[in-house]
Amino acid sequence: MAASAGLESSGALSYLRYAMEFGGSRYMSVHFVLLRVCVIGGAVSAFLNNTPVVAFFIPIMKELSVKYGFSVAEVMIPVSYAAILGGTCTLIGTSTNLVAIDLATKNIKDFKMGLFDMGRIGLPVMLAGSLYIIVLAPIFFGGRRVKAAALDAPKRYTVAMRICEGCDLVGRTLLSAKLLLSDDHVQLRAAHSA
């Protein structure tokens, strides 16, 4: 996580955004975006944990979907898959690789594996998976017209709480009890006392 925090604070996100759009024209097809996601996301994910890689790509994918007019649903799941596939190429690409290597070194005498040894299997799998993503993801997810703005829209839900007698929360507001940071979007429907 320290590496991903360092990348974020160093401005690497802007370089990822630039790499995703480099050489693009006024119109960039979803296939072209997915190709770049698989190459760039897979390469980064080979050396970083998958979760921060996907987190880096979320705002970039939202921007590109708005700019080039395709559905954000067409690229969000493929970003995750590209990160998973990229993680299979190196020993440190995913935590599963580390666990498997640890078990192998404990149970197999003289077992050794280098950083890129998994790439002999992982790279062909990543290439085949990337081709699959580039060709079929728009077909599978293309019918879902989810706009990027829909991801930012807050959801409405109801919370019912029961506070027991003698609890520190009795008689306090949600803000004073630090159960909310602000009450901008909160409506209290009813309060019952027993």
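The values are calculated or read from the model by the stated rules, or taken from the named source; none is laboratory data. What you are looking at is a predicted structure, and each value in this text was computed from that prediction instead of being measured. Glycine also receives a Cβ, built like all others from the backbone with ideal geometry; neighbour counts cover every protein chain displayed.
List of remarks:
- Selection status of Ile121, under 14 Å from the mean Cα position of the chain (by Cα) and assigned to a helix (DSSP H, G or I): no
- Segment 92-106: number of residues that are under 21 Å from the mean Cα position of the chain (by Cα) and part of a helix (DSSP H, G or I): 4
- Unmet requirement for Cys89, which otherwise passes all of (1) modelled with pLDDT of 90 or more; (2) not charged (D, E, K, R); (3) not in a loop (DSSP other than H, G, I, E, B): (3)
- Subset tally (residues that are touching a residue at least 40 places away in the same chain (Cβ under 8 Å) and over 19 Å from Glu21 (Cα atoms)) for segment 46-72: 6
- When Val146, Val186, Val125 are checked against the criterion of being of a type in the set (A, V, I, L, M), surrounded by 11 or more Cβ atoms within 10 Å (Cβ to Cβ), in contact with a Ser or Thr (Cβ under 7 Å, 6 or more places away or on another chain) and modelled with pLDDT under 65, Val146 stands alone in meeting it.
- Under the condition of being farther than 19 Å from Leu127 by Cα and either more than 11 Å from the chain's Cα centre (by Cα) or acidic (Asp, Glu) (or both), the residues counted in segment 43-59 number 0.
- Apart from one condition, Lys112 fits all of (1) part of a loop (DSSP other than H, G, I, E, B); (2) within 30 Å of Val75 (Cβ to Cβ); (3) at pLDDT 80 or above; the exception is (2).
- Verdict on Ile101 being more than 16 Å from Ala137 (Cβ to Cβ), in contact with a Phe, Trp or Tyr (Cβ under 9 Å, 6 or more places away or on another chain) and either polar (S, T, N, Q) or free of Cβ contacts under 8 Å to residues at least 40 places away in the same chain (or both): yes
- Candidates Glu74, Glu63, filtered to the one that is of a type in the set (Asp, Glu), part of a helix (DSSP H, G or I) and within 28 Å of Ser9 (Cα to Cα): Glu63
- Going through (1) loosely packed, with under 11 Cβ neighbours inside 10 Å; (2) under 15 Å from Glu74 (Cα atoms); (3) modelled with pLDDT of 85 or more; (4) not aromatic (Phe, Trp, Tyr) one by one, Ile133 falls short only on (1).
- Subset of segment 1-59 that is of a type in the set (Lys, Arg) and either outside any helix (DSSP H, G or I) or modelled with pLDDT under 75 (or both) - its residue that is surrounded by the most Cβ atoms within 10 Å (Cβ to Cβ): Arg17
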